[in-house]
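Note sheet for the following structure.
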Amino acid sequence: MYIPKHNEETRPEKLRELMAAHPLATLVTMGASGLFATHLPLVWEAGEGEHGVLRGHIARTNVQWREFDPKVEALAIFSGPDHYIKPGWYPEKEEDGRVVPTWNYAVVHAYGALRIVEDGEWLMGLLQRLTAVHEAGSAAPWTMGDAPEEYIGGLLKRIVGVEIPITRIEGKWKLDQKESVRSREGVVAGLERLGSPESLKMKELMEETVLPDGPAARGAITS
């Protein structure tokens, strides 16, 4: 991924935070018919290597797990908050007009050798962990025990597990780092006025990352 130095995010906790908050990943592999992509939730787990492991499952009928080339590393893409940035949010628009639209976003790319797991006990454990993670905020969380045992057993036969021990990981936070502080403040104000769930998520990310009282001012990200 192309990452200008001022957009690079390397803090492990921030990369894991984005992957946890936006777990629907795009798994990309190279196979006999070329590039292949599957969209699936992945959970990050510690315990293997410097960067941990990503685990999930795909349908047994999905040809990706049969056709991928194990000699070519897989790529899992996690997309965080993103938003269109209007030129009118920059104060320079009224001063000299030297502004253009852009798009702000945060993404994580995780790479590693894809492994396939067909063990039923492993798959059951994965499903239980995935369910626990995504039901955690529910007032009445669903558990695997809420479904008939034979029904779950049938589902297990129709999936295969995937895991990627992460060998390298990249983060790109494109948040107007090259612009002046007042320009960033103008963008944050515009996002707040817009008031949509997406704009407010981008506003929060910019506030904590690229405004003077955020981590960027303390050297976390070069501005």
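The values are calculated or read from the model by the stated rules, or taken from the named source; none is laboratory data. No experiment lies behind these values; they were computed from the predicted model shown. All Cβ positions, even for glycine, are placed from backbone atoms using ideal geometry, and neighbour counts span all protein chains on display.
Checking each residue in the range 1-53 for being of a type in the set (Asp, Glu) and either under 25 Å from Leu205 (Cα atoms) or assigned to a strand (DSSP E or B) (or both) picks out Glu8, Glu9, Glu13, Glu17, Glu45.
Within the option set Lys201, Lys178, being closer than 26 Å to Thr10 by Cα and either out of contact with any strand residue (DSSP E or B) (no Cβ under 7 Å at 6 or more places or on another chain) or not in a helix (DSSP H, G or I) (or both) holds for one residue only, Lys178. Does Gly219 qualify as being out of contact with any helix residue (DSSP H, G or I) (no Cβ under 8 Å at 6 or more places or on another chain), of a type in the set (Gly, Ala, Ser) and at pLDDT below 95? It is true that Gly219 is out of contact with any helix residue (DSSP H, G or I) (no Cβ under 8 Å at 6 or more places or on another chain), of a type in the set (Gly, Ala, Ser) and at pLDDT below 95. Evaluated against (1) under 30 Å from Ala189 (Cβ atoms); (2) surrounded by fewer than 20 Cβ atoms within 10 Å (Cβ to Cβ), Trp89 falls short on exactly one condition, (2). Of everything in the range 55-74 that's surrounded by 13 or more Cβ atoms within 10 Å (Cβ to Cβ) and polar (S, T, N, Q), which residue is nearest to Gly120 (Cα to Cα)? If we take residues in the range 55-74 being surrounded by 13 or more Cβ atoms within 10 Å (Cβ to Cβ) and polar (S, T, N, Q), then Asn62 is nearest to Gly120 (Cα to Cα). Could you look through the range 1-39, keep only residues that are under 28 Å from Lys178 (Cβ atoms) and β-branched (Val, Ile, Thr), and pick out the one that is nearest to the chain's Cα centre (by Cα)? My answer is Thr26.
Going by the structure shown, is Gly161 over 20 Å from Ser79 (Cβ atoms) and without any contact (Cβ under 8 Å) to a residue 24 or more places away in the chain? No; evaluated as a whole, the condition is false for this residue. Note on the range 14-26: residues that are closer than 14 Å to Val53 by Cα, surrounded by 18 or more Cβ atoms within 10 Å (Cβ to Cβ) and among the aliphatic types (A, V, I, L, M) total 3.
Would you call Leu54 closer than 19 Å to Val162 by Cα and at pLDDT 95 or above? Give the steps one after another, and end with the answer.
Numbers: closer than 19 Å to Val162 by Cα: yes; at pLDDT 95 or above: yes.
For Leu54, the condition - closer than 19 Å to Val162 by Cα and at pLDDT 95 or above - is met.
Would a scan of the range 105-124 turn up a residue that is touching a helix residue (DSSP H, G or I) at 6+ places or on another chain (Cβ under 9 Å), over 16 Å from Pro41 (Cα atoms) and not hydrophobic (A, V, I, L, M, F, W, C)? Yes, the range 105-124 contains at least one residue that is touching a helix residue (DSSP H, G or I) at 6+ places or on another chain (Cβ under 9 Å), over 16 Å from Pro41 (Cα atoms) and not hydrophobic (A, V, I, L, M, F, W, C).
Looking for something assigned to a loop (DSSP other than H, G, I, E, B) and under 18 Å from the mean Cα position of the chain (by Cα) - is there at least one such residue anywhere in the range 102-120? There is at least one residue in the range 102-120 that is assigned to a loop (DSSP other than H, G, I, E, B) and under 18 Å from the mean Cα position of the chain (by Cα).
Leu123 meets the conditions (1) assigned to a loop (DSSP other than H, G, I, E, B); (2) under 21 Å from Phe68 (Cβ atoms) in every case but one. The failed one is (1).
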